[in-house]
Amino acid sequence: MAKRRILLCAGSGCVSSGAWKVKEELLRKLDERGLTEKFEVVASGCHGFCEQGPLLIIYPKETLYCRVEPDDVSEIVEEHLIGDRVVERLFYKDPETGERIADHAKINFYAKQERIVLKNCGVIDPESIAEYVDRGGYDGLRKAVSMDRVAVIEAVKQSGLRGRGGAGFPTGLKWDFTYKADSEKKYIVCNADEGDPGAFMDRSVLEGDPHAVLEGMLVAGYAVGADEGYIYVRAEYPLAVKRLRIAIEQAEEQGYLGSDIFDSGFSFHVSVKEGAGAFVCGEETALLASIMGKRGMPSPRPPFPATSGLWGKPTCLNNVETFANVPFILREGWEKYAAIGTEGSKGTKIFALTGKVNNTGLVEVPMGNTIRKVVYEIGGGVKDDREFKAVQIGGPSGGCIPNSLIDTPIDYDSLVEAGAMMGSGGMVVVDDETCMVDLARYFLEFVQSESCGKCPPCRVGTRKMLECLKRICDGEGEADDIDWLINVGESIKSYSLCGLGQTAPNPALTTIRYFRDEYEAHIKDRTCPAGACQALIDYVIVAEKCKGCGLCIKACPVEAISGEKKTVHTIDYDLCIKCGACMEVCKLDAVIRGKPAAQKEEAA
Amino acid sequence: MKESAKKVKAILAKYPDSGRDALIPILQDIQDELGYLPTSAIMQVGAHLALPSSKIYGVATFYNQFRFQPKGRNHITICRGTACHVKGSGKLLENAVATLKIKPGQTSRDKLFSLETVACMGACGLAPVITVNDEFNAKASPAKLNRLARCCKDEITQERENS
């Protein structure tokens with residue numbers, strides 16, 4: 001008898017919420033009840049619903065249990081597995097209706113998505129090649145090697161697939177350039193240096209379906225005439241590295257990787273290179289420098305990697321998600337792929353939906369869906385029913401799209417028009433408690449520290465912009481600062497060497513474009529409308545509400561709060577570091593954010 | 001030969017006749033083993049790959065991953081990704097700097113704590129995230145961080161009293 005399957009999500013999100021402990025307990029409990037012969041526990045890749053993790057799905061009905069703790073395991077085994085009665089309290093609760101839903105296909109978060117790339121993620125055991133092959137894996141490669149190389153490239157061109165790493169360059173065209181470059185030796189490189197803070201789709205694909213990426217690389221290798229490939233993956237993703245290595249080993253054993261694949265005469269070898277934590281290495285020329293053991297600094301293009309890349313040889317470089325799209329195009333035909341999406345942007349795109357939204361996680365939707373659909377229908381709306389202020393798309397290279405443009409379709413061209421860009425697909429929802437000036441400052445701080453320092457517009461320009469934004473956040477901005485920021489920002493965009501510098505000012509420029517009033521409030525009125533800028537607020541104890549319980553005194557890391565039991569406590573502002581720990585622990589809402597004490601005195 | 005030098009030698013033995021492209025993997029292996037990159041190890045790598053130490057430092061300092069000070073007994077990393085920022089990781093960091101009295105990249109003098117920031121751990125759905133000795137703590141807050149730090153300190157005081 002076939003074993004009944006219990007799927008446990010073992011993506012990084014669920015692992016951080018304690019999935020391994022749940023697995024341990026589950027195995028122990030199954031053993032204790034003598035059920036190990038009847039059930040198998042499979043650790044899958046990321047299901048995408050990280051917010052609700054650790055997730056557990058029990059077959060055949062695919063009952064989904066959310067936020068499973070080790071303590072819940074016993075009940076699940078006794079009730080569901082033995083007694084065949086579901087444990088309703090662990091079902092997903094719809095935030096709008098409050099209804100408990102058992103079938104994960106009926107949950108809006110999943111139901112409104114269209115999963116092509118994520119098809120296998122969270123469904124198969126990523127450490128088993130057999131499961132991948134059972135679901136049509138490596139069929140695309142088999143088909144490709146029976147075709148003419150030019151025909152493979154043509155199919156990818158016709159599919160309309162564009163690079164998923166950010167800039168959206170047509171993939172087929174890139175392959176064509178590498179194919180036409182004259183050289184005995186060529187390389188395929190997979191860019192898995194997912195550095196954009198707020199994006200984790202590449203990690204999830206590598207963790208959940210590593211063979212899809214390998215298959216995509218193999219097809220590319222066949223098409224352009226390369227026999228060697230590298231996957232450059234962040235060292236911060238240990239699980240992805242581990243599963244990739246297992247996948248490569250299995251593919252070699254089964255003959256999908258190595259010499260004379262499918263007796264076609266085509267040979268291909270892949271090795272994994274771990275990055276060492278430099279954001280700029282996501283830029284293709286910098287990435288290649290890093291593989292060669294140098295400082296990851298970009299070099300001017302041309303020559304493009306397609307003609308002169310790794311060790312001077314033609315190199316075709318694509319992003320993880322791009323490669324993961326390729327098997328579908330070959331297997332199902334480019335016509336089917338091209339039917340999804342919009343005129344200029346075909347297929348689907350995975351977004352990492354995070355920030356102040358109810359359902360955080362991975363979302364795959366056809367290109368051309370609106371931001372509203374993603375945030376409200378799939379994301380379940382803004383957390384705590386607060387006001388939707390904007391969504392930050394595309395990480396440090398992208399921009400903020402405000403509430404007024406919430407019906408913007410998500411495709412490469414519409415986003416650029418709105419001042420953002422697709423980037424790698426990070427989508428951070430911000431509400432009225434997020435200060436847009438502070439957000440711009442945050443991104444500038446990031447790009448400034450990640451700027452490699454090679455070209456002055458980026459090295460000096462981002463620093464000057466950061467200094468200016470810091471001043472504004474500290475309430476020391478001057479009237480002409482906004483125009484100065486726009487001016488310098490445009491110069492950095494025009495004169496920087498690589499994509500990092502050319503897009504670095506975007507977060508500041510788009511927030512100025514859509515939220516100029518917030519900048520003006522900081523500069524003219526010295527206030528932060530969102531109450532987020534530390535210098536412009538103080539934590540204040542409301543005397544009427546404080547019962548003198550002492551919780552805040554205990555929580556304060558710098559002993560800035562004093563007061564006898566049952567008397568109103570006071571904050572010493574010379575010591576206070578504004579960490580907010582007091583506000584967090586106060587059960588009576590007696591600690592609030594207010595105008596700075598010093599300012600109040602001045603006013604009085 | 002010192003213990004650490006022996007370990008480095010064993011790592012280098014895994015990369016015979018290697019060129020410059022082996023440099024970063026070698027440095028990563030050494031850091032995995034020793035927790036940081038001591039000067040002596042850099043010299044050994046230089047001799048092995050026939051590269052001047054200056055070049056090796058050039059590469060090592062470029063990448064965020066490499067440390068030049070030993071880790072503290074409790075190694076705390078704070079994620080500074082966008083999702084974490086929006087949910088208050090900036091405040092967490094300020095709080096950690098004030099409480100532990102060290103800056104990111106440093107180790108406290110008593111070697112009890114070291115602090116580091118990372119660009120993004122990719123656990124954005126659980127923001128803000130911190131790790132203490134590689135163990136994830138989802139949805140962290142200043143109060144939670146303070147509690148963790150206090151627990152670590154108590155544990156050590158206890159040990160000292162016992163010994």
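The values are calculated or read from the model by the stated rules, or taken from the named source; none is laboratory data. The structure displayed is predicted, hence computed values, not measured ones. Heads up, the Cβs are rebuilt from the backbone with ideal geometry, glycines too, and the neighbour counts pull from every protein chain shown. Only protein heavy atoms, including side chains, enter the accessible area calculation; ligands, DNA and RNA are left aside. Shrake-Rupley method; radii C 1.70, N 1.55, O 1.52, S 1.80 Å.
Quick notes on this structure:
- Only one entry of A:53, A:48, A:83 meets the criterion of being at pLDDT below 95 and at positive phi, and that entry is A:48.
- Of B:87, B:91, B:55, all but one fail to be assigned by TED's automatic domain parsing to the domain that holds residue B:26 and more than 16 Å from the chain's Cα centre (by Cα); the exception is B:55.
- Residues of region A:373-427 satisfying the condition of being touching a Cys at 6+ places or on another chain (Cβ under 6 Å) and either of a type in the set (A, V, I, L, M, F, W, C) or surrounded by fewer than 21 Cβ atoms within 10 Å (Cβ to Cβ) (or both): A:390
- Elements of the type strands (runs of 3 or more DSSP E) sitting completely within region A:329-425 and holding at least 2 residues that are over 21 Å from residue A:195 (Cα atoms) and modelled with pLDDT of 90 or more: these cover A:361-366, A:388-393, A:399-402.
- Output for region A:384-403, where each listed residue is free of Cβ contacts under 8 Å to residues at least 60 places away in the same chain and of a type outside the set (A, V, I, L, M, F, W, C): A:384, A:385, A:386, A:387, A:389, A:403
- Whenever a residue of region A:246-274 is within 14 Å of chain B (Cβ to nearest Cβ), its partners that are in a loop (DSSP other than H, G, I, E, B), lying with C-beta atoms within less than 6 angstrom and at least six residues away or across chains, give the pairs A:274/A:235.
Yes/no matrix, rows are residues, columns are (1) at pLDDT 85 or above; (2) facing another protein chain (nearest Cβ under 10 Å):
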residue: B:59; (1), (2): yes, yes
residue: B:74; (1), (2): yes, no
residue: B:80; (1), (2): yes, yes
residue: B:83; (1), (2): no, yes
residue: B:100; (1), (2): yes, yes
residue: B:103; (1), (2): yes, no
residue: B:109; (1), (2): yes, no
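- Qualifying residue in region A:300-319 (condition: open to solvent by less than 50 Å² (accessible area, probe 1.4 Å), more than 23 Å from residue A:451 (Cβ to Cβ), assigned to a helix (DSSP H, G or I) and not hydrophobic (A, V, I, L, M, F, W, C)): yes
- Residue in region A:182-194 that is assigned to a helix (DSSP H, G or I), closer than 30 Å to residue B:121 by Cβ, under 27 Å from the mean Cα position of the chain (by Cα) and not assigned by TED's automatic domain parsing to the domain that holds residue A:360 present: no
- When residues of region A:428-444 are limited to those that are part of a loop (DSSP other than H, G, I, E, B) and over 20 Å from the mean Cα position of the chain (by Cα), the one surrounded by the fewest Cβ atoms within 10 Å (Cβ to Cβ): A:432
- Residues in region A:553-591 that are outside any loop (DSSP other than H, G, I, E, B) and more than 10 Å from every other protein chain (Cβ to nearest Cβ): A:553, A:561, A:562, A:570, A:571, A:591.
- Residue check: residue A:123 meets all listed conditions (1) open to solvent by less than 60 Å² (accessible area, probe 1.4 Å); (2) in contact with a Ser or Thr (Cβ under 8 Å, 6 or more places away or on another chain); (3) within 22 Å of residue A:380 (Cα to Cα) but one, namely (3).
- The condition of being under 27 Å from residue A:357 (Cβ atoms) and either away from chain B (no Cβ under 14 Å) or under 27 Å from the mean Cα position of the chain (by Cα) (or both) holds for only one of A:40, A:99, that being A:99.
- Selection from region A:425-455 of residues that are among the hydroxyl-bearing types (Ser, Thr, Tyr) and more than 11 Å from every other protein chain (Cβ to nearest Cβ): A:451
- Verdict on residue A:209 being touching a residue at least 12 places away in the same chain (Cβ under 8 Å) and closer than 20 Å to residue A:345 by Cβ: no
- Of all residues in region B:111-150 being of a type in the set (S, T, N, Q) and crowded, with 17+ Cβ neighbours inside 10 Å, the one that is farthest from the other protein chains (Cβ to nearest Cβ): B:114
- In region A:275-299, residue least open to solvent (accessible area, probe 1.4 Å) [restricted to those that are among the polar types (S, T, N, Q) and away from chain B (no Cβ under 12 Å)]: A:285
- From A:503, A:511, residue being buried (at least 21 other Cβ atoms within 10 Å of the Cβ), of a type in the set (S, T, N, Q) and within 14 Å of chain B (Cβ to nearest Cβ): A:511
- Within region A:452-487, the residues that satisfy the criterion of being among the small types (Gly, Ala, Ser) and buried (at least 20 other Cβ atoms within 10 Å of the Cβ) are A:461, A:477.
- Candidates B:30, B:24 - the one that is touching a strand residue (DSSP E or B) at 6+ places or on another chain (Cβ under 9 Å), aliphatic (A, V, I, L, M) and crowded, with 17+ Cβ neighbours inside 10 Å: B:24
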